[in-house]
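Participant: Following this message is one structure expressed as structure tokens.
The values are calculated or read from the model by the stated rules, or taken from the named source; none is laboratory data. All of these numbers come straight from a predicted model, not from anything done at the bench. Here the Cβ positions follow ideal geometry from the backbone for every residue, glycine too, while neighbour counts run over all protein chains shown.
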Amino acid sequence: MNEIILAGCTPTPLANYLKALGVFRLVAEQADPEAKARWQGERFVLTTRLSREELARFFLEEYRPTPILAPWNGGSGFYPSDNKDGFGPLSSARAPRFQPFSSAIATAAAVLAGLGLTEKPDADSKPRLLMHLRAQADELFLSWLDAAVVLAGGNPAYPPLLGTGGNDGRLDFTNNFMQRLVELFDPNTGEAVGMAGGWLDNALFAGHTPRLAQNAIGQFAPGQIGGANATTGFATDSRINAWDFVLMLEGALMFVTATTRRLESSHQATLAYPFTVHPSHGGSGGTTPIDATTGKSRGEIWLPLWGRLATLPEISSLFSEGRVTVGRRAARDGLDFARAVGQLGTDRGIAAFQRYGFMVRNGLAYLATPLGRVEASRAPNVDLIADLEQGQFLDRLRREARDKDASASLKRAVSQLENALFALTQPGSGRPTIQRALILLGEVMQILAVSRKGREAVPVLPHLSAAWVIQAADDSAEFHLALAVAALTGLRSYLAPVAWDKGRWQWAPESRLHVWGKGELARNLVRVVERRVIESQRNLQLEPFRSNPRLGARLSDIHAFLTGQTDDGLIAALLHGLIWAELPDELLPSHAVVEGAPSAIPLAYALCKSFFTAPSLLKYLRRLPEDARCSLPGELPRLLAANQVDKALPLAWRRGRIAGLGWPRGDAPQTTFMDGPRLLAALAVPLQSAALLQLLPRAEDLQSEPV
């Protein structure tokens, strides 16, 4: 067996991928049934008993073209005004290699005559024509028909790979296929003519060729369509290699499917075509939301790149199944496909998928636009996306963002969220990607919260699993501060207009608890403290600062916040995402280390912190006597919020001594910390137990303010 590297057959553009399939299929069907093939990097490798010279001789002397015809299309050659340059010679060809072709033309012409069709069939007569063709055509022609048209419920549907049944606008692929054959072979003798040999070397092995023909290639090779600035000059015509076009369409026959047996409606035709899904914005810089929402895309196709040698029956089986699933349902769009690839890992030797979108570009033309390469390996974070499917949240959110009346801010946020979710499907995704997705989910919820239309269309974000938090956690002060605040009992209703009702969270735009608004982080935390204090006064059983101390902040985090060394915008953004997650009992030990001593923490913070800590926790840590009461004086947060620190600290000192915190007699120590609102915001952040033990030492250690 000879290993032949086909340098002219590459994963991109689409024409070259299909060309690789065409070479493989024709060799295995007509020359060497034992041939195998695989992808090696950016090249297609054929293993066959044929030598390189014998491979070229096969195509030039023995190759029998598949009857690729589209009598259901105008411009196909079957009607009086159509171009006959290829159709005419092939319909009367005498060479043995063209007999299947001329026979198929005669059969199709007879069907048209029997139906009385002398011009392009209309929408009513086309289904009848297709059914008659299926009944009378031979197996070779049927393979093309099944690749180009999906019959579902008696109505034709057109998967995007081959345009609208073998044509794209005024470009009929089948008529051009016949014209290219006539450029390569003499229809009567079957011998190769003109540049056929040189063009074949270029098509298979990327050899040099002195010239190419001026012809169209359609959507399959965007770089060859010509036009303004298509080369070093001002403009150029579309120039192609005839073999590229011929082998490309021969390769498209690998997409023959049994879709007619498993479709319920023509609407599902795209989903049933091999590796083809609805368009999805995201995961590529080559698409915009407009492509997925305004009909400017026919869909996406994800083409497998397998790294193990495989026979034609094995690859045909792969393509005939050609569907991937997310959970128990078929993948519907590009994001679903990326999730499925990330969950499947390397199945059947598939190393990666080359993603294409059929997008409107270059005026009104559809072009097969490469949208990136997706590795077929296990992505550890892809399962997180499943949480968003609860209550159809993700589907309804994306549908709302695609509505023409949706706000620009929602469209932007959802577009960025889709890109973040695509990134989660990749093996290399890590903490930054998960944090980005969390932040965008929080931003989306804030946008929906102020939109009546959005709240009616999209439910409240379902509970995210604790894995979101664990996988997003890092050692930054910003993350620890956001997580500590998120751990406050019942915080969600203060940051979003939602309420627990009938066993689930629902929108509650009139909620009096919702106090978070625009503005800086410190001011919003002050609002939360003020509202929680009011609620605790109404319900004496409520501890406004109860939280899970294992998720509290570290003293180093508090110091960074008090001294303005944190990114407050990032803290707020993370907080808005974390409130929707089920928080773990604790983080990994590496994230729970208390750093340093409290020496750098201002005395004002240490004096007040006891009143912003759940009394039950203070008693557990033995920083408050069991029979003591340490309720927050309502005046204390008001004084701090008003930046009257000089009045707040003596109050905290007196009340702390009365509560039994062990403060010595005498006046409160002097402090120079004067930013009251920021101090109050810092006090609202729960601390780890170990941090509290360090911060609240015995009374004799509080005689003077630390340096």
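Participant: Would you point out which residue out of Leu621, Leu617 is modelled with pLDDT of 80 or more, crowded, with 20+ Cβ neighbours inside 10 Å and farther than 16 Å from Trp653 by Cβ?
Facilitator: Leu617
Participant: Can you tell me which residue among Gly391, Gly430, Gly372, Gly322 is in contact (Cβ under 8 Å) with a residue 60 or more places away in the chain, surrounded by fewer than 21 Cβ atoms within 10 Å (Cβ to Cβ) and within 30 Å of Ile571 (Cα to Cα)?
Facilitator: One residue alone meets the criteria, Gly391.
Participant: Sort out which residues of segment 511-520 are farther than 19 Å from Thr489 by Cα and in contact (Cβ under 8 Å) with a residue 12 or more places away in the chain, and write them in order of number.
Facilitator: Glu520
Participant: With the structure loaded, tell me whether Leu117 is assigned to a helix (DSSP H, G or I), more than 20 Å from Glu250 (Cβ to Cβ) and at pLDDT 90 or above or whether it fails that test.
Facilitator: no
Participant: Within segment 480-517, take every residue that is among the basic types (Lys, Arg) and more than 30 Å from the chain's Cα centre (by Cα) and give me the one that is modelled with the lowest pLDDT.
Facilitator: Lys502
Yes/no matrix, rows are residues, columns are (1) surrounded by fewer than 21 Cβ atoms within 10 Å (Cβ to Cβ); (2) β-branched (Val, Ile, Thr); (3) without any contact (Cβ under 8 Å) to a residue 60 or more places away in the chain; (4) farther than 22 Å from Leu583 by Cβ:
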{"position": "Asn381", "(1), (2), (3), (4)": "no, no, no, no"}
{"position": "Leu397", "(1), (2), (3), (4)": "no, no, no, yes"}
{"position": "Leu410", "(1), (2), (3), (4)": "no, no, yes, yes"}
{"position": "Ser415", "(1), (2), (3), (4)": "yes, no, no, yes"}
{"position": "Glu418", "(1), (2), (3), (4)": "no, no, no, yes"}
{"position": "Val444", "(1), (2), (3), (4)": "no, yes, yes, no"}
{"position": "Lys453", "(1), (2), (3), (4)": "yes, no, yes, yes"}
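Participant: If you take just the helices (runs of 4 or more DSSP H) that sit entirely in segment 123-218, which of them hold at least 2 residues that are over 26 Å from Ala95 (Cβ atoms)?
Facilitator: The qualifying helices (runs of 4 or more DSSP H) are 126-136.
Participant: Applying the selection to segment 231-263, what residues are touching a strand residue (DSSP E or B) at 6+ places or on another chain (Cβ under 8 Å), at pLDDT below 90 and either closer than 22 Å to Thr276 by Cβ or buried (at least 17 other Cβ atoms within 10 Å of the Cβ) (or both)?
Facilitator: If the condition is that a residue be touching a strand residue (DSSP E or B) at 6+ places or on another chain (Cβ under 8 Å), at pLDDT below 90 and either closer than 22 Å to Thr276 by Cβ or buried (at least 17 other Cβ atoms within 10 Å of the Cβ) (or both), then Ser238, Arg239, Ile240, Thr257, Thr259, Thr260, Leu263 are the ones that fit.
Participant: Of the residues Val498, Val529, only one is aliphatic (A, V, I, L, M), crowded, with 20+ Cβ neighbours inside 10 Å and touching a residue at least 60 places away in the same chain (Cβ under 8 Å); which?
Facilitator: Exactly one of Val498, Val529 is aliphatic (A, V, I, L, M), crowded, with 20+ Cβ neighbours inside 10 Å and touching a residue at least 60 places away in the same chain (Cβ under 8 Å), namely Val529.
Participant: Out of segment 34-46, which residues are surrounded by fewer than 16 Cβ atoms within 10 Å (Cβ to Cβ) and in contact (Cβ under 8 Å) with a residue 40 or more places away in the chain?
Facilitator: Glu34, Gln40
Participant: Also: Please determine, by comparing only the residues of segment 71-110 that are among the hydrophobic types (A, V, I, L, M, F, W, C) and surrounded by fewer than 18 Cβ atoms within 10 Å (Cβ to Cβ), which one is nearest to Gly169 (Cα to Cα).
Facilitator: By that ranking, first place goes to Ala109.
Participant: Pick from segment 377-436 the residues that are part of a helix (DSSP H, G or I), among the basic types (Lys, Arg) and within 22 Å of Ala331 (Cβ to Cβ): which of them is nearest to the chain's Cα centre (by Cα)?
Facilitator: Among those that are part of a helix (DSSP H, G or I), among the basic types (Lys, Arg) and within 22 Å of Ala331 (Cβ to Cβ), it is Arg398.
Participant: Would you please name the residue that is farthest from Ser377 (Cα to Cα), looking only at residues in segment 331-349 that are at pLDDT below 75 and either among the acidic types (Asp, Glu) or assigned to a loop (DSSP other than H, G, I, E, B) (or both)?
Facilitator: So the residue we want is Arg348.
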